[in-house]
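The values are calculated or read from the model by the stated rules, or taken from the named source; none is laboratory data. Computed from a predicted model, the values in this text were never measured in an experiment. Glycine gets a Cβ as well: all are built from the backbone with ideal geometry, and neighbour counts include every protein chain shown. Side chains included, ligands, DNA and RNA excluded: accessible areas come from the protein's heavy atoms. Shrake-Rupley method; radii C 1.70, N 1.55, O 1.52, S 1.80 Å.
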Amino acid sequence: MSIDDDIRLYLAEKRAIIDQFPVDAVAAAAEMLFRTYDEGGTVYAMGNGGNAGTLDHAYCDFKHHPFVSEDKSRPVSSAVRRLTFVNLCGSSAELSGLVNDLGPDNMFAASLEPFATERDLVMAYSGSGNSPNVVRALEAATKAGARTFAMTKGDGGRCRTLADVCLVVPGTSRFPGQTGSNDNNFHFEDAMLSVNHILVGLLKQRVGQEAADRVQVSG
């Protein structure tokens, strides 16, 4: 195959995934997000490797984007509640300390367990669905009564049975770099960012409606 053919293959695979995408799982995740926001809960998110980098992007989006005007010139009223979002991957000092003291399998659970409540939403990202640190954190979240969302691929691994809602990215790949045990991983990571943007946009819409309702009531 030529380079052009490989590029077309990647894009064709992506179109197939989009056509099969589990919209119902994204909608269910949005409903859990709305409940967490309405109840004043906290969103906790975790992932490994490249997924952790995407969560840094998510942290910025969830914390700020829904709470500014459409033209980004001003924040919405301070009377409108904000969302608390905690990126469990955000501090290299914390993560390296937890790994050093408690081991890599416990690094997320240890930072989550003392704080998670039934008002919160825990979001877990694992390509295999079996990452031990993600699995243990989901177990801790469930024990605390928190809502849980997982995003994975393949057969979903343990995340599929542990999470309240598990979004499994469909499909398989023949594109270089995401075959074999790494099957579909590039598409999974692309989809993770798309789901982030969908959820942030839906939350912004909800926040905007709340702000408009406040103006109407005060007027």
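Remark on region 1-142: hydrodynamic radius 17.3 angstrom, per the Kirkwood mean of 1/r across alpha carbon pairs.
For the chain, which whole percent of the accessible surface, found with a 1.4 angstrom probe, sits on carbon and sulfur atoms?
On the way: 5790 of 10950 Å².
Answer for the chain is 53 percent, counting heavy atoms of protein chains only.
With all protein chains kept in place, the per residue accessible area of region 39-153 amounts to 44 square angstrom at a probe of 1.4 angstrom.
Test of understanding: given the chain, find the longest segment containing no GluC sites (Glu not before Pro) that are in a DSSP loop and have at most 11 other Cβ atoms within 10 Å. Walk me through the numbers before you get to the answer.
Details: sites that count: 70, 118.
Of all site-free stretches, the longest is 119-219.
With N the number of residues in region 72-114, Rg(Cα) / (2.2 N^0.38 Å) evaluates to 1.73. Take every Cα pair under 8 Å whose residues are at least 6 apart in sequence, average their separation, divide by the length of region 50-197, and the relative contact order is 18 percent.
Counting only lysines at least 8 places from residue 14 when in the same chain, those with an alpha carbon closer than 19 Å to its own are 153.
Consider all pairwise Cα distances in region 80-219 and report the whole-number % of them above 21 Å. Walk me through the numbers before you get to the answer.
Details: 5171 of 9730 pairs.
More than 21 Å apart: 53 percent of the Cα pairs in region 80-219.
Modelled spin-label separation between residue 64 and residue 94, with each label point placed 7 Å from Cα along the Cα-to-Cβ direction: 1.9 nm. Each principal axis of the Cα atoms in region 31-71 has its own extent, and those three values, largest first, are 30, 27, 14 angstrom.
Count neighbours as other Cβ atoms within 10 Å of each site's Cβ, and list the trypsin sites (Lys or Arg not before Pro) in region 59-106 that are DSSP loop with at most 11 such neighbours. The qualifying sites are 72. When the alpha carbon gyration tensor of region 163-212 is reduced to an equivalent ellipsoid, its three semi-axes come out at 32, 12, 6 angstrom, largest first.
Couplings 3J(HN,Hα) for region 137-152, derived from phi with the Karplus relation 6.51 cos²θ - 1.76 cosθ + 1.60 (θ = phi - 60°), are 5, 5, 4, 5, 5, 4, 4, 7, x, 6, 6, 9, 10, 10, 10, 8 Hz, where x marks Gly and Pro.
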